[in-house]
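Following: one structure in structure tokens, then a few remarks.
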Ligand SMILES: NC(=O)c1ccc[n+]([C@@H]2O[C@H](COP(=O)([O-])OP(=O)(O)OC[C@H]3O[C@@H](n4cnc5c(N)ncnc54)[C@H](O)[C@@H]3O)[C@@H](O)[C@H]2O)c1
């Protein structure tokens, strides 16, 4: 029970990594407010769980939704102690193919969504005198691939917000920690959809697996357990940290001719 009675607000909770985090946090005794824009799937997730788990609609790019969710949590569960921003979108487009709409969509969810999320939970955490914010970034924010220009830029914006909020909270003495988790390819509906769009999905998965020194893609539970650590009091001296859960991919040297 590493999160016993802690109130956690999780975005992107209807699917993939966010859903895995909701399930693990519930197991660990947290009182969970799961949020998403896919209400049907989000409600299904919380209905399948025992304990104090609830669902609310929250579009991460809408300030009003954030305010409503935090107010609901405070009224029914208590001040928010943990916020995990796992809502995400990602579709490939290199610089010659990307358009303004794709750019804004990625920036709204990963950049604006992170800023609004951090801003919206601060008062609640300040009331409590402690808090932990975890933003689900990506290896693409550190080493962006050419196919994901808008996604890589939006995840880099998420990282910048994470660090600046960590520094601000440190300077103010709020006892609020702000960190990011950076998965490499992880088996979720987002990735499965991408694999399934290839002529040979199994061959594409093998290519992804081959990029990781551990030789496979990650499972959702492996990302969720890193998030659990950062959310728990065990990580009480960690803030502004980028935790790579990447099978070793970022430890690899650049291939000859690429980068430093
Ligand atoms: N799966 C991977 O390989 C991988 C790798 C690195 C990073 N990530 C990141 O992890 C996070 C979760 O990805 P996933 O693979 O679980 O994806 P997923 O598609 O399975 O889940 C994403 C969820 O976010 C929700 N969502 C989308 N837009 C939203 C919005 N505006 N407001 C609220 N909810 C919204 C979707 O409805 C969905 O339930 C994303 O930020 C993604 O970029 C994933």
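None of the figures in this text is laboratory data; all of them are computed from the coordinates on show. Nothing here was measured: the structure is a model prediction, and the numbers come from that model. Here the Cβ positions follow ideal geometry from the backbone for every residue, glycine too, while neighbour counts run over all protein chains shown.
Hydrodynamic radius of region 1-82 by the Kirkwood approach over all distinct alpha-carbon pairs: 12.2 Å. GNM on the chain, alpha-carbon springs under 10 angstrom: the most fluctuating residue among 94, 54, 85 is 94. Each residue, residue 167 and residue 27, gets one label point 7 Å from its Cα in the Cβ direction; the gap between the two is 3.8 nm. Counting only the Cα atoms, region 49-91 fills a convex hull of 96 Å³ per residue.
Region 114-178 and region 1-80 have Cα centres lying 18 Å from one another.
For residue 209 and residue 175, the FRET efficiency from 1/(1 + (r/R0)^6), where r spans their Cβ atoms and R0 equals 51 Å, is about 0.80. Taking Cα atoms only, the orientation of helix 220-231 departs from the longest principal axis of the chain by about 40 degrees.
Axis of helix 113-128 versus longest Cα principal axis of the chain: the two differ by about 30°, to the nearest ten degrees.
Largest GNM mean-square fluctuation among 126, 172, 155, using the chain with Cα springs under 10 Å: 172. Note on 25, 91, 148, 237: ascending count of other Cβ atoms within 10 Å places them as 237, 91, 148, 25, the fewest first. In percent, rounded to a whole number, the relative contact order of region 192-259 is 31, using alpha-carbon pairs under 8 Å and six or more apart. Against the chain, whose longest principal axis is taken from its Cα atoms, helix 16-27 shows a tilt of about 40°. When the chain is treated as a GNM with alpha-carbon contacts under 10 Å, the residue of 70, 60, 191 showing the greatest mean-square fluctuation is 191. Short-range pairs are left out: with C-alpha atoms under 8 Å and at least six residues apart, the relative contact order of region 1-120 is 28 percent.
Among 246, 159, 68, 39, the order by Cβ neighbours within 10 angstrom, fewest to most, reads 39, 68, 159, 246.
With a simple spin-label model that places each label point 7 Å from the Cα along the Cα-to-Cβ direction, the separation between residue 75 and residue 147 comes to 4.5 nm.
Take the Cα coordinates of the chain, assign each an equal point scatterer, and use the Debye formula without solvent to give log10 I(q)/I(0) at q = 0.07, 0.10 Å⁻¹. Calculated log10 I(q)/I(0) at the listed q: -0.23, -0.47. For a label point 7 Å from the Cα of residue 68 along Cα→C-beta, name the residues of region 45-61 whose backbone N is under 17 Å from it. Taking a point 7 Å out along Cα→Cβ of residue 68, the residues of region 45-61 whose backbone N falls under 17 Å are 54-61. Tell me, what is the FRET efficiency for residue 103 and residue 238 to the nearest 0.05, using R0 = 30 angstrom and their Cβ-Cβ distance as r? In this case the efficiency is close to 0.40. The alpha-carbon positions of region 111-178 define a convex hull whose volume is 66 Å³ per residue.
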